[in-house]
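Asks: Below you'll find the structure I mean.
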Amino acid sequence: MANSIYGSMTAAEKSVADYLKELGIFWDYEIPVYVEEGGRPRLWSPDFFLPELGIYIEVAASGNIPSYTFREKIYNECKVSCIFVWPYRDTATWKKKLNKELIELHQYRWSILKKLS
């Protein structure tokens, strides 16, 4: 798999990629997004971008919770829609969590759009 994008993914990322494929959701891998951290411009590359939905997914592949908490804070401040999943830790529930957060995010977006009519 050296010539495949899957060759550079962690096992957790491959699980998410396979699940998205199973759902028929197209994704791009590690597409950079602009954020500001402490007033300084940065380019971060969340693991997946879902272009049809305008959502990023960050796959937590280690136990470094403070790092992911910090990233989530910055994404929220910059209004970047990013869902965090923990397939290695939440083996039985991460798919449900991802589905729930995708739905909730789009319900929130729809509530904003309804104000236009």
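Asks: Which whole-number percent is the relative contact order of the stretch 5-114 (Cα, under 8 Å, 6+ apart)? Numbers along the way, then the final one.
Replies: Numbers: 128 pairs, mean separation 22.5, N = 110.
Across the stretch 5-114, relative contact order equals 20 percent.
Asks: Expressed as a whole number of Å, what is the distance separating the alpha-carbon centroids of the stretch 72-117 and the stretch 1-43?
Replies: Cα centroid to Cα centroid, the span is 16 Å.
Asks: Related question: Taking square-rooted eigenvalues a ≥ b ≥ c of the alpha carbon gyration tensor, is the stretch 1-61 rounded, prolate or oblate, where a/c under 1.5 means rounded and, failing that, a/b exceeding b/c means prolate? All intermediate terms of the calculation are to be shown ahead of the outcome.
Replies: Values: a/c = 2.31, a/b = 1.61, b/c = 1.43.
Judged from the Cα gyration tensor, the stretch 1-61 comes out prolate (a/c at least 1.5, a/b above b/c).
Asks: If the cut-off is a Cα-Cα distance under 20 Å, which lysines reach Lys79, setting aside same-chain residues fewer than 8 apart in sequence?
Replies: Lys100, Lys114, Lys115
Asks: Pick out, from Met9, Leu105, Val35, the residue whose Cα sits farthest towards the positive end of the charge dipole of the stretch 5-114, with +1 on the Cβ of Lys and Arg and -1 on the Cβ of Asp and Glu.
Replies: Highest projection toward the positive end goes to Leu105.
Asks: Hey, can you grab everything whose amide H is under 5 Å from the amide H of Ile83? Only 5+ residues off in sequence or another chain; H modelled, so Pro and N-termini drop out.
Replies: HN-HN under 5 Å from Ile83: Tyr56, Ile57, Glu58.
The numbers here are math on the coordinates, done by the rules we state, and not lab data. All figures in this text were calculated on a predicted structure; none of them were measured in a lab. Using ideal geometry, Cβ is built from the backbone for each residue, glycine included, and neighbour counts are taken over all protein chains shown.
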